[in-house]
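The values are calculated or read from the model by the stated rules, or taken from the named source; none is laboratory data. These numbers come from a predicted model, not from an experiment. Cβ placement follows ideal geometry from the backbone for every residue including glycine, while neighbour counts extend to all protein chains displayed. What goes into the accessible areas is simple: the full protein's heavy atoms, side chains included, and nothing from ligands, DNA or RNA. Shrake-Rupley method; radii C 1.70, N 1.55, O 1.52, S 1.80 Å.
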Amino acid sequence: MTFLLGLDVGTTSVKAVVYGIDGIAVGGASLPTPTHVPRPGWAYFEPDELWETCVGAIRGAIAGVPEPAAIAAVAVASMGESGVLLDAEGKATAESIAWYDNRTRPQARWLAERIGKDELFDRSGLSLQPIFSLNKLLWHREHQPEAWRRSVRWLMMADYIAFRLSGEQATDLSLASRTLMLDLRGKRWDGRTLAQAEIDPGLLAPLVPGGTPLGSVTADAAAETGLPTTALVSSGGHDHVCGALAAGVTRPGQMLNSLGTAEALFLPTDEPLTDPQAGRQGYTQGAHVVGGGYYAFAGQYTSGASIDWLRKLLGTGDDVVLYDELIAGAERVPAGSLGAVFLPHLRLANPPYDDPRSRGALIGLTADAGRDVAVRAVIEGLAMESRSTFEPLLAYPQVAAPESVVAIGGGARNGLLMRIKAAVFDLEHEVIAAEEATALGAALLGGLGVGVYRDVDDAVGSMRYGRRIVVPEPDEVAVYETIFRSVYQRLYPAVAPLSQTISDLQMRSVGGADSPA
């Protein structure tokens, strides 16, 4: 009997799941991610508090496992851009800025002026956005100089939890891809960017591929979590990329739709995109968690977050029954939502638009647009935005057009959303019925590290989770094609000037130091 534990440190929740080597869950637990929001646009995590949440989730997951001593391996997946500054004793020196926190806009402007957006894209494969880790480091240096002086190491969030488990420090390539500090083609920390940003290279942990053995669970971590000291901790990776591994999306011609708080449309590539226009459109890319390949990212920053926003707005919160009632009501509304159209830019614009000042919009409202119409309009908007963000990538020669889509994550359990997406994309969607695919991807990395699987193909081929196919409805395809071409593609350009003015006014009202980008 051999078990693998995968930990997913996400924006909304921390999930720990114990799997058999066939990918079937035998125990799991989830706890809310403790998040602090001191002012509009800001959010942060307390590292010790987040560790305690991980401890609680791990203890909950293994409580029902018949033989916890049989847990052979552990690995961690996490959100991509947040990290933790540590002192020489391994203690956090500052809060962890949430990946979506926008306080770092001035630092992004500084990098644009000092290095240049096109140059950063050429080096890192990333469109310069305030969310990426280098901007967070620059903010800490400017605003928390005492903490900065005591800091000797920066670990991405999954790295930090792995460090707390094993005592070893390393960063995998998929998470390094979200920092702006990785030489993507060379797969090494970029000395040019670090020198120009005046960041000591020693602050960054050694780079390793996902699934690299780090060390056994320490006695202290075992006492806290209940894990055996015989369990091996391996390097994990970026949450969406770990999900792609679990779903078997590792080669060009495939596309993963990973639906969480944020949403990734993940397309494996053999080589990075080189055209600077991709960066100007806001696209990002990185190193795959396994296999030595790359990926291009489309997607949106507020996918599940838009659903959460709507649920709170309508007063349903986390009530499952009321949520099911909302979806049932939306299913009774005809395709097209009686003309209501939603633009899901609740944090910033998504590719192909590079605009941190964009805002959400709900247009086409009439007195007939009640709750059910609003819910369906939001869901349709999410599907339209997904298509809007991935289609332009197909113009680049490194990206192969997908023939179907593999969907994972909490949003994939929304049957109405999957049906609408299939129609909007006019592509079959294969929904993976894995128990927490991101955590499963982390568990597979642990299994690779401990030698349970021979290689990636062996790991993916060992999975026994279920699948269901969602086929586009021809009548809905025609309706959505018309709306997408005649309305949705024109929506952002029409409202962007107003959104940018609103953003400027809001930033001035909450503090002159953080003026708009």
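On the chain, 51 percent of the accessible area sits on carbon and sulfur atoms, based on a 1.4 Å probe. Solvent-accessible area per residue in the chain equals 36 Å², computed with a 1.4 angstrom probe and all protein chains kept.
Only helical DSSP H runs with n ≥ 4 go in: add -39500 (n - 2.57) per run for the chain, normalise by residue count and round the 222 nm mean residue ellipticity to 500 deg cm²/dmol.
Numbers: 19 runs with 198 residues, N = 517.
Calculated mean residue ellipticity at 222 nm is -11500 deg cm²/dmol.
By average Cβ neighbour count within 10 Å, what is the ranking of 240-249, 118-127, 298-307 from highest down? Display every interim value, and only then the final one.
On the way: 240-249: 29.4, 118-127: 22.3, 298-307: 23.8.
Descending mean neighbour count gives 240-249, 298-307, 118-127.
Calculate the FRET efficiency for A147 and E113 from the Cβ-Cβ distance with a Förster distance of 22 Å, rounded to the nearest 0.05.
Values: r = 25 Å, r/R0 = 1.16.
After rounding to 0.05, the efficiency reads 0.30.
Model label sites at A69 and A219, defined 7 Å from Cα along the beta-carbon direction, differ in position by 1.8 nm. Of the cross-linked pairs K312/K421; K187/K421; K15/K312, those separated by over 31 Å at the C-alpha level are K187/K421.
I'd like to verify something in the chain: which complete DSSP H helices, judged by Cα projection on the helix axis, reach 24 Å or more and average at least -0.5 on the Kyte-Doolittle scale?
On the way: long enough: 371-390 (29 Å, 0.22); 489-510 (32 Å, -0.04).
Span-like helices in the chain: 371-390, 489-510.
Beta bridges per DSSP, both residues in the chain: antiparallel share near 70 percent. The ratio of the alpha-carbon radius of gyration of the stretch 432-501 to the globular-protein estimate 2.2 N^0.38 Å is 1.94.
Take the Cα of D475, step 7 Å toward its Cβ, do the same at R185, and the gap between the two points is 5.3 nm.
Taking the Cα atoms of the stretch 213-258, the ratio Rg/Rh between the radius of gyration and the Kirkwood radius comes to 1.20. Remark: the chain is approximated by an ellipsoid whose semi-axes, taken from the C-alpha gyration tensor as √(5λ), come to 33, 28, 22 Å, largest first. Specify which residue in the list T501, A298, A407 is farthest towards the positive end of the charge dipole of the chain, using unit charges on the beta carbon of Lys, Arg (+1) and Asp, Glu (-1), about the Cα centre. Projecting each Cα onto the dipole axis, the largest value belongs to T501.
Just order 179-188, 230-239, 261-270 by mean Cβ neighbour count inside 10 Å, highest at the front, would you?
Values: 179-188: 20.2, 230-239: 29.1, 261-270: 23.5.
Peptide ranking by packing, descending: 230-239, 261-270, 179-188.
Protection proxy ranking for 158-167, 323-332, using the average of other Cβ atoms within 10 Å per residue and placing the highest first: 158-167, 323-332. Size descriptor for the stretch 96-135, Kirkwood hydrodynamic radius: 10.2 Å (Cα pairs only, one decimal).
Spacing of the modelled spin labels on D457 and D200, each 7 Å from Cα toward Cβ, amounts to 4.6 nm.
The distance linking the stretch 410-462 with the stretch 325-351 is 25 Å (Cα centroid to Cα centroid, whole angstrom). Placing R0 at 22 angstrom, the Cβ-Cβ distance between V37 and D319 gives a FRET efficiency of 0.50 after rounding to 0.05.
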